[in-house]
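Participant: Before I ask anything, here is the structure I am working with.
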Amino acid sequence: MGAPLRLIDSALFIYFLIIAIAVPLIDGQTILPIDLYPKFLIELKSWFFKQIDHYLVFEMPYFYVGIAWFELLFQWPVALMCVYGIAAGKSWFGTTSLIYGSSFLTSLVCFC
């Protein structure tokens, strides 16, 4: 029973760590001044979204900008708490991951 839980915790740790890094560096470019970011991050975001033809990034409708604010102000701190909760073995990790999952699902529904 312990090995599958450790595997799941490892996968969740990697996921939340990627979110904790990507949200301020990639999604933050949508709402924060572009002067805050190095040129290679701006080019990386532009190249990646051109490759997948993500029209919302280029048109930036109001709901997309609102979701970017929501990710930066709410989901990013919760992801940081989840990273800490997994690393420190805190008992409240299940609660914070449930909060993150429900808020992620809610924001994902807007894109469907």
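The values are calculated or read from the model by the stated rules, or taken from the named source; none is laboratory data. Everything numeric here is computed off the predicted structure, so don't read it as measured data. Note that each Cβ is placed from the backbone with ideal geometry, even for glycine, and that neighbours are counted across all protein chains shown. Accessible surface is based on the protein model in full, side chains and every heavy atom, while ligands, DNA and RNA are left aside. Shrake-Rupley method; radii C 1.70, N 1.55, O 1.52, S 1.80 Å.
Participant: Let me have the 222 nm mean residue ellipticity of the chain computed from DSSP H runs of 4+ only, each contributing -39500 (n - 2.57), with the sum over all residues rounded to the nearest 500.
Facilitator: So the helix-based figure for the chain works out to -22500 deg cm²/dmol.
Participant: Report the accessible area of Lys39, computed with a 1.4 Å probe over the heavy atoms of all protein chains in place, in Å² rounded to the nearest 10.
Facilitator: 140 Å²
Participant: Something else about it: May I ask for the Rg/Rh ratio of segment 1-61, computed from Cα atoms with Rh as the Kirkwood radius, given to two decimals?
Facilitator: Ratio of gyration radius to Kirkwood radius: 1.16.
Participant: Let me ask you something else. With an 8 Å cut-off on Cα pairs and a minimum separation of 6 or more residues, tell me the relative contact order of the chain in percent.
Facilitator: 33 percent
Participant: Roughly speaking, to the nearest percent, how much of segment 1-104's 1.4 Å accessible area is carbon and sulfur?
Facilitator: Of all accessible area on segment 1-104, carbon and sulfur atoms account for 72 percent.
Participant: Please give the charge dipole size of the chain, origin at the Cα centre, charges +1 on K and R Cβ atoms and -1 on D and E Cβ atoms. Round to the nearest 20 debye.
Facilitator: 280 debye
Participant: Across the chain, what fraction of all alpha-carbon pairs, as a whole percent, falls in each successive 5 Å bin from zero upward?
Facilitator: Spelled out bin by bin, the chain gives 2, 11, 19, 21, 18, 13, 9, 5, 2, 0 percent.
Participant: For segment 1-70 and segment 73-102, write down the distance between their C-alpha centroids in whole Å.
Facilitator: Centre-to-centre distance over Cα atoms comes out at 17 Å.
Participant: Still on this structure, please answer the following. Please build a GNM for the chain, connecting alpha carbons under 10 Å apart, and tell me which residue among Ala20, Ala88, Ala79 fluctuates the most.
Facilitator: Comparing Ala20, Ala88, Ala79 in the GNM, the peak value goes to Ala88.
Participant: Any chance you could look up the accessible area of Phe111 with a 1.4 Å probe, heavy atoms only, rounded to 10 Å²?
Facilitator: Around 80 Å² of this residue is reachable by solvent.
Participant: Let me know the volume per residue of the alpha-carbon convex hull for segment 50-112, in Å³.
Facilitator: Each residue corresponds to 93 Å³ of Cα convex hull volume.
Participant: With a 1.4 Å probe and all protein chains kept in place, how do Asp35, Asp53, Asp9 rank by accessible area, largest first?
Facilitator: Asp35, Asp53, Asp9
Participant: A further question follows. Determine how large the accessible area of Met60 is when every protein chain is in place; take a 1.4 Å probe and give Å² rounded to the nearest 10.
Facilitator: The accessible area comes out at roughly 80 Å².
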